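The next block holds one structure in the form of structure tokens; read it before the comments.
What follows draws every value from the coordinates through simple rules; no lab data is involved. Not measured: the values here are computed from a predicted model.
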Amino acid sequence: MSSVYCGIEEIFHVLTSLIPVDPSLALKPANNQCERKKLAGIEEEGVVEEKGVEADEERTVQEEAVIKNEDTAEHKGEEMEKGVAAGEKWRPEQEVVVTGSCVGKTVDVWVVNGQSLTGDGPLNDPEPYVKVSIGSQIRTTSVIHSSSNPSWWEEFRFFNASGNMLKIEIWEADSGLRGDDDHLGTCTEQLISGGAQYHAIQCRASDSGYVKVIYKCF
């Protein structure tokens with residue numbers, strides 16, 4: 001009912017502004033209810049508008065975050081494509097390891113041990129030894145007698161390396177009437193320069209077993 005009264009009051013004020021009316025006939029607001037409702041309506045509209053502005057600002061921040069994430073993902077995608085095109089596995093920048101040639105550097109090689117090597121026959125344990133070479137430089141380990149699982153731990157240093165390939169040859173020493181030494185297997189590994197860690201190689205023999213070698217160049 002009060003809202004109807006307020007509406008009539010607004011119409012009356014419009015008419016009195018156009019047509020002179022006896023002031024005694026003017027409508028009296030009951031306890032200023034109409035004015036209070038108008039003020040309450042204005043305040044409510046202001047609160048709604050402020051909430052709308054805050055919501056718009058929050059959406060803008062979220063949209064900027066999404067755009068930033070998309071730009072970051074696109075950058076990583078481009079880096080991965082570059083790595084694949086170059087035949088390399090992509091890594092984050094902080095994990096990239098720089099590698100290069102070992103030519104002209106010192107290569108430190110350790111012949112570590114062997115596992116499950118075989119000899120001339122099923123009843124004979126082998127007498128293995130290993131040759132390692134870079135270019136024309138060749139080094140040879142001692143012979144371990146009657147052992148399928150020899151342990152050498154022998155170190156060889158190649159100064160001013162003339163090549164970038166490490167050749168590993170596994171041999172079994174023959175003596176007496178058995179003839180020449182038996183060749184058990186050969187591996188060729190490209191050398192990697194970079195970092196302080198040793199690189200491990202497992203050179204497999206033709207029949208069974210393998211020899212472990214580690215190296216680094218600096």
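Data table
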| quantity | calculated |
| --- | --- |
| Relative contact order (percent, whole number), the stretch 107-217, Cα cutoff 8 Å, 6+ residue spacing | 32 |
| Whole-Hz couplings from phi, Karplus 6.51/-1.76/1.60, listed for the stretch 189-202; x for Gly and Pro | 10, 6, 6, 10, 9, x, x, 9, 7, 7, 9, 9, 10, 10 |
